[in-house]
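Throughout, read-outs are computed from the coordinates displayed, never taken from laboratory work. Since we're looking at a predicted model, the values are computed, not measured. Don't worry about glycine lacking a Cβ; one is built from the backbone with ideal geometry, like all the others, and counts go over all protein chains shown.
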Amino acid sequence: SGAYQRALEAGQPHVKVKAKACPLFVPLAEEGWTTGDVPLLVAREYLAGFAQDGVDTLVLGCTHYPLLKGVIAEVVGPHVSLVDSAEATAEAVAELLGARGLLAPQSSSTPEHAYFVTDVPERFVEVGARFLGRPIPSAEQVDLRF
């Protein structure tokens, strides 16, 4: 959408932003193909020029991309910092909530999670567990028709 480019360039006019869509990363992440030859070859195809172009920071601008962080880092090299946009957003939200006194108090009890989806719940349970790094016991499908 160009949102990252616009925001970065507006806040830092001297910054040069290079964008690259990587649509095959999404099915690779969803299928759990996050290591090995296939994702490495795809990452090389998409990102090989980034390190050569002098890119110093790479924003992982899709929720799926952090699952491929290992192969992405291997392709772009150690001199390129990777920024997980979801993690950065969560940190910014936590800071804002803290500044406004809106953070929930810390609790020693285990939180309860409920997952509501508009698509196939079984697929979410499978793929979501990869993203969260822990099992998802169930999800409930909801209808959003108004």
**Complete:** Candidates for volume of the Cα convex hull per residue in Å³ are (1) 184; (2) 220; (3) 236, and the calculated one carries label (1)
**Prompt:** Based on Cα positions only, what radius of gyration and what Dmax would you give for the range 3-87, in angstroms?
**Reply:** 12.8, 39
**Request:** Would you work out the charge dipole size for the chain about its Cα centre, treating the Cβ of every Lys and Arg as +1 and the Cβ of every Asp and Glu as -1, and quote it to the nearest 20 debye?
**Result:** 360 debye
**Asked** What are the lysines whose alpha-carbon lies under 22 Å from the alpha-carbon of Lys69, with same-chain residues fewer than 8 places away excluded?
**Response** Lys18, Lys20
**Request:** Mind listing the long-range amide H neighbours of Val83? Cut-off is under 5 Å, sequence gap 5 or more, other chains count too, H placed in the peptide plane at 1.01 Å from N.
**Result:** Leu58, Val59, Leu60
**Request:** Would you list, by chain and number, the aspartates and glutamates whose Cα falls below 16 Å from the Cα of Lys16, excluding same-chain residues fewer than 8 positions away?
**Result:** Asp53, Asp56
**Asked** Can you list the residues, at least 5 places off or on another chain, whose amide H is less than 5 Å from the amide H of Val117, using H built in the peptide plane?
**Response** Glu140, Gln141, Val142
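Ranked highest first by average number of other Cβ atoms within 10 Å, how do 13-25, 97-109, 56-68 line up? Each step should come with its number before you reach the end.
On the way: 13-25: 12.2, 97-109: 7.5, 56-68: 18.2.
Taking the mean over residues of other Cβ atoms within 10 Å, the ranking is 56-68, 13-25, 97-109.
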